[in-house]
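> My questions all concern the structure below.
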Amino acid sequence: MSAILLREIAAQGKTPAYLKPVLTGGSGEDSDSDPSRCRVLSGGKHLRTEWLLAFPEALDPMTAAFRSGVTIDPAILREAVRRLGASHALVVEGTGGVLSPFFSDGSGILNAFERRDLDRSRIHLVSHPHLGCLSQVLSAVRVLEPLGVHCLHLVCRPVPDPWPLATSLNPDTLRRLLPDIPVRVHLPALA
């Protein structure tokens, strides 16, 4: 999803950059890492991609940091966003969802920022459209309500869908329930 946003930013004549503050389950140099996939899928061979920390275990950032004896410093995250955002149209990709524990106190990634900083941001919420997404999306939208959600992206997973009726109906259900938020459905890439 970040790659799509990066392509759209570049098509507008802006200089995009990508920041994944914390990688879990590998390193940024891995060919299947989020930064590597964004570089390839966005078409930006020279796309500036950064990450602050990488942990080998595929866990939420808070738990991965704790198990590695590391503390995720919100000041370092704020500085990276400020630095990259000063010269680029910056896409920051979180990890695991709005409420996923990011810092050692269990707070999420948005807790690193002041409200005035987030007021200048355009928040894109990403989910799957499959069974269970209604609760996930509506919970996230309620948490983000004071900040607003610019767009909801529903990304179909390229796996067999055991509940195709829910998957086919959920995008329209969300459009009805969230009439002020544009909903974009992204189909899986064909192999």
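The values are calculated or read from the model by the stated rules, or taken from the named source; none is laboratory data. Every value quoted in this text rests on a predicted model; they were computed, and no experiment measured them. Neighbour counts are summed over all protein chains in view; Cβ atoms, including those assigned to glycine, are modelled from backbone coordinates with ideal geometry.
> Just checking, how many residues over the range 4-14 are within 16 Å of Leu84 (Cβ to Cβ) and surrounded by 14 or more Cβ atoms within 10 Å (Cβ to Cβ)?
Number satisfying all stated conditions: 4.
Per-residue answers, yes or no, for (1) surrounded by fewer than 21 Cβ atoms within 10 Å (Cβ to Cβ); (2) more than 20 Å from Cys151 (Cβ to Cβ); (3) among the aliphatic types (A, V, I, L, M):
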residue: Ser2; (1), (2), (3): no, no, no
residue: Pro16; (1), (2), (3): no, no, no
residue: Pro21; (1), (2), (3): no, yes, no
residue: Gly25; (1), (2), (3): yes, yes, no
residue: Pro35; (1), (2), (3): no, yes, no
residue: Cys38; (1), (2), (3): no, no, no
residue: Gly44; (1), (2), (3): yes, yes, no
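> Something else now. Can Val141 be described as surrounded by 14 or more Cβ atoms within 10 Å (Cβ to Cβ), touching a residue at least 60 places away in the same chain (Cβ under 8 Å), not basic (Lys, Arg) and not assigned by TED's automatic domain parsing to the domain that holds Val92?
Here the answer is no, as Val141 does not meet what is asked.
> Sort out which residues of the range 1-16 are part of a helix (DSSP H, G or I) and in contact (Cβ under 8 Å) with a residue 60 or more places away in the chain, and write them in order of number.
Result: Ser2, Ile4, Leu5, Leu6, Ile9.
> Oh, and also: For the structure I just gave you, tell me whether Ala64 is touching a Phe, Trp or Tyr at 6+ places or on another chain (Cβ under 7 Å) and buried (at least 18 other Cβ atoms within 10 Å of the Cβ).
Criteria met by Ala64.
> So, one more: So which residues in the range 51-84 are out of contact with any strand residue (DSSP E or B) (no Cβ under 8 Å at 6 or more places or on another chain) and closer than 28 Å to Arg116 by Cα, if there are any at all?
Scanning the range 51-84 gives Met62, Thr71, Asp73, Pro74, Ala75, Arg78, Glu79, Arg82, Arg83.
> I'm trying to understand the selection: among the residues of the range 144-168, which are over 19 Å from the mean Cα position of the chain (by Cα), of a type outside the set (Gly, Ala, Ser) and surrounded by 13 or more Cβ atoms within 10 Å (Cβ to Cβ)?
Asp161, Thr167
> Are any of the residues in the range 129-136 aliphatic (A, V, I, L, M) and part of a helix (DSSP H, G or I)?
Yes.
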